[in-house]
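Novice: My questions all concern the structure below.
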Amino acid sequence: MAIDYALLIVTRWREELGRGADPAEAVHRSMATAGRSVFGLSMDYEVFLLSRIREEHDNGHATDAATVHGLARTGRLVTSAALILFLAFISLVQVPTTEVKMLATALALGIVIDATIVRGVLAPALVAALGRANWWTLRRRPGQPLSAPAAASRTK
């Protein structure tokens, strides 16, 4: 991201020197930066959501029930965080630099799409559709003890 920002500054510097940077180049760099930034920001929420779904599965729920419970437990947190980021990026639209406006708009739109469509619909639907295939690495061999969270929840 730092390299992308440095290239954005160099592009702006070339414009100011009168060499005339290509506007399409600036748009390309801004959108590439926005894509990588949204991907990085959204990974935290994806891991959080899937961790909650796995916890519910470890507690003995079926995949569909674990998905519903995991989404219900993380929904408010992910929505609140997305709203905060959206408002922060939208506030950057007031900056007079065109490149910053493009980047801020793309980041705000990316966060909204990620929080609503990807985290709210696609990820839970994929987990529910894959069913038991989600847990292929979690299968125990006969005689192997349960994991710590699952063992603790079953003794209660």
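The values are calculated or read from the model by the stated rules, or taken from the named source; none is laboratory data. From a predicted model like this one, the values you see are computed outputs, not experimental measurements. Neighbour counts run over all protein chains shown; Cβ positions are idealised from the backbone, glycine included.
Novice: Do we find a residue being free of Cβ contacts under 8 Å to residues at least 12 places away in the same chain and among the acidic types (Asp, Glu) anywhere in region 43-61?
Specialist: yes
Novice: Further question: For region 32-61, which residues satisfy the criterion of being more than 30 Å from Glu99 (Cβ to Cβ) and surrounded by 15 or more Cβ atoms within 10 Å (Cβ to Cβ)? Please lay out each step first, then the result.
Specialist: Pass one, region 32-61, residues more than 30 Å from Glu99 (Cβ to Cβ): 47-61.
The answer is Phe48, Leu49, Leu50, Arg52, Ile53, Arg54, Glu55, Glu56, His57, Asp58, Asn59, His61.
To keep it simple, each residue is scored yes or no on (1) farther than 22 Å from Asn59 by Cα; (2) modelled with pLDDT under 85.
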position	(1), (2)
Ala108	yes, no
Ala125	no, no
Ala129	no, no
Thr137	no, yes
Ala148	no, yes
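Novice: Separate question: Name every residue in region 28-66 that is among the hydrophobic types (A, V, I, L, M, F, W, C) and touching a Lys or Arg at 6+ places or on another chain (Cβ under 8 Å), in order of residue number.
Specialist: Step one: of region 28-66, the residues among the hydrophobic types (A, V, I, L, M, F, W, C) are 31-32, 34, 38-39, 41, 43, 47-50, 53, 62, 65-66.
Within region 28-66, Leu49, Ala66 meet the criteria.
Novice: Taking region 80-93, which residues are loosely packed, with under 15 Cβ neighbours inside 10 Å and modelled with pLDDT of 90 or more?
Specialist: Initially, region 80-93 is screened for residues loosely packed, with under 15 Cβ neighbours inside 10 Å, giving 80, 83-84, 87-88, 91, 93.
Within region 80-93, Ser80, Leu83, Ile84, Leu87, Ala88, Ser91 meet the criteria.
Novice: For region 87-124, enumerate the residues that are closer than 18 Å to Thr33 by Cβ and under 13 Å from the mean Cα position of the chain (by Cα).
Specialist: Leu107, Ala108, Leu109, Gly110, Ile111, Val112, Ile113, Asp114
Novice: Under the condition of being of a type in the set (D, E, K, R) and touching a residue at least 12 places away in the same chain (Cβ under 8 Å), which residue from region 94-141 is farthest from Gly70 (Cα to Cα)? Give the derivation first.
Specialist: Our first condition is that a residue be of a type in the set (D, E, K, R); within region 94-141, this holds for 99, 101, 114, 119, 132, 139-141.
With the extra rule that they be touching a residue at least 12 places away in the same chain (Cβ under 8 Å), the set shrinks to 99, 114, 119, 132.
On the way: Glu99: 38, Asp114: 17, Arg119: 11, Arg132: 16 Å.
Selected residue: Glu99.
Novice: Can I ask one more? Restricting region 19-51 to residues that are in a helix (DSSP H, G or I), more than 18 Å from Thr116 (Cβ to Cβ) and among the charged types (D, E, K, R), which is modelled with the highest pLDDT?
Specialist: By that ranking, first place goes to Arg36.
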